1. Could you identify the single residue in Pro237, Pro213 that is surrounded by 11 or more Cβ atoms within 10 Å (Cβ to Cβ), at pLDDT below 95 and not small (Gly, Ala, Ser)?
2. Are any of the residues in the range 32-42 touching a residue at least 60 places away in the same chain (Cβ under 8 Å), buried (at least 22 other Cβ atoms within 10 Å of the Cβ) and part of a loop (DSSP other than H, G, I, E, B)?
3. Within the range 80-91, restricting attention to residues that are part of a loop (DSSP other than H, G, I, E, B) and modelled with pLDDT of 95 or more, which residue is surrounded by the fewest Cβ atoms within 10 Å (Cβ to Cβ)?
4. Counting only residues that are surrounded by 16 or more Cβ atoms within 10 Å (Cβ to Cβ) and assigned to a loop (DSSP other than H, G, I, E, B), how many does the range 56-79 have?
5. Is there a residue in the range 179-186 that is buried (at least 17 other Cβ atoms within 10 Å of the Cβ), within 17 Å of the chain's Cα centre (by Cα) and within 30 Å of Glu54 (Cβ to Cβ)?
6. Of the residues in the range 8-31, how many are outside any helix (DSSP H, G or I) and not charged (D, E, K, R)?
7. For residues in the range 155-196 being among the aliphatic types (A, V, I, L, M) and not in a helix (DSSP H, G or I), which is farthest from Thr230 (Cα to Cα)?
8. Those residues that are surrounded by 20 or more Cβ atoms within 10 Å (Cβ to Cβ) and under 30 Å from Arg22 (Cβ atoms), I need them from the range 160-178; list them, please.
Amino acid sequence: MPELAELETARRLVEEHCAGKRITEVTTTVQRASDELNGRPDPIVYVCDPVEFEKALVGRVLERACRKGKQMWWQLGGPGKHPGLHFGMTGGIAVRGVSGPKYKRYGVDATEWPPRFTRLEVGFGDGTRLAFVNSRRIGRIRLLDDPEHEPPVSLLGFDPFTSPPNAATFRGLLQARRGPIKAVLLDQSFSAGVGNWIADEVCYQARVHPARPVATMSVDVIERVRAALTDIFHVRPAPSKPRDLAR
């Protein structure tokens with residue numbers, strides 16, 4: 001499942017190739033004869049009116065691609081709503097003619113256009129074309145008035161990449177929680193964007209067993225977790241031998 005790192009990579013892809021460009025075309029209908037939804041918008045992925053979605057985007061400039069945790073939204077110029085995207089388990093962004101990110105178990109095949117499982121295609125005035133792909137249909141497409149300050153984004157906790165808390169704040173947030181440390185890290189209302197691989201790596205680097213109850217963690221252990229959660233996005237760990245995790 002795409003986590004913070006994959007979403008940040010996708011955000012940068014949109015920012016690099018689409019920011020500052022005017023949207024001239026929006027296609028919400030599936031364009032593939034072999035797909036049972038061919039010619040229709042996906043009623044599961046869209047949690048807004050697809051017609052309203054198209055009207056809200058066409059003619060406006062994509063000013064910025066934004067992200068918090070696993071939620072992405074595009075800040076558009078001028079009055080109106082803004083599109084919000086949640087990738088779910090198999091979501092991805094493709095830009096025509098650009099080599100995009102590949103996940104471990106799957107990737108977006110952009111050699112044909114639009115890619116298979118495209119649920120949204122956006123065209124820009126300079127010819128750039130972008131697709132939001134979602135094969136398992138667990139992703140979501142929304143229209144939001146103020147994305148950063150309304151659900152689902154407003155329900156998220158801190159983003160450990162863009163807004164990591166200091167030691168005292170992190171300690172207070174963690175000590176207010178109950179349960180195993182990994183479960184707390186996975187709670188999006190605590191640390192937005194953390195999924196299984198990030199939580200496992202944080203526990204490993206901090207030398208804390210994933211099942212260790214938060215209530216039993218000392219100040220030093222909590223600080224190790226905070227440091228690992230902050231550093232994991234900036235440092236590529238060197239290969240190391242297996243070691244025991246402290247309970």
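1. On the way: Pro213 fails: at pLDDT below 95.
From the options Pro237, Pro213, the qualifying one is Pro237.
2. no
3. Applying the first criterion (part of a loop (DSSP other than H, G, I, E, B)) to the range 80-91 yields 80-81, 87-90.
So of that shortlist, the ones also modelled with pLDDT of 95 or more come out as 80-81.
Numbers: Gly80: 13, Lys81: 19.
Among residues in the range 80-91 that are part of a loop (DSSP other than H, G, I, E, B) and modelled with pLDDT of 95 or more, the one surrounded by the fewest Cβ atoms within 10 Å (Cβ to Cβ) is Gly80.
4. 3
5. Looking for residues that are buried (at least 17 other Cβ atoms within 10 Å of the Cβ), within 17 Å of the chain's Cα centre (by Cα) and within 30 Å of Glu54 (Cβ to Cβ), one finds none in the range 179-186, hence no.
6. Start the filter on the range 8-31 by keeping residues that are outside any helix (DSSP H, G or I), which leaves 19-31.
Those still in the list that are not charged (D, E, K, R) too: 19-20, 23-24, 26-31.
Going through the range 8-31 one residue at a time, the tally reaches 10.
7. Initially, the range 155-196 is screened for residues among the aliphatic types (A, V, I, L, M), giving 155-156, 167-168, 173-174, 176, 181, 183-186, 192, 194.
Restricting the remaining residues to those that are not in a helix (DSSP H, G or I) gives 156, 176, 192, 194.
On the way: Leu156: 17, Ala176: 20, Ala192: 13, Val194: 11 Å.
Top of the filtered list is Ala176.
8. Passing the criteria: only Phe161.
The values are calculated or read from the model by the stated rules, or taken from the named source; none is laboratory data. Just so you know, these numbers come straight off a predicted model, no measurement behind them. Every residue, glycine among them, receives a Cβ derived from its backbone with ideal geometry; neighbour counts consider all protein chains shown.
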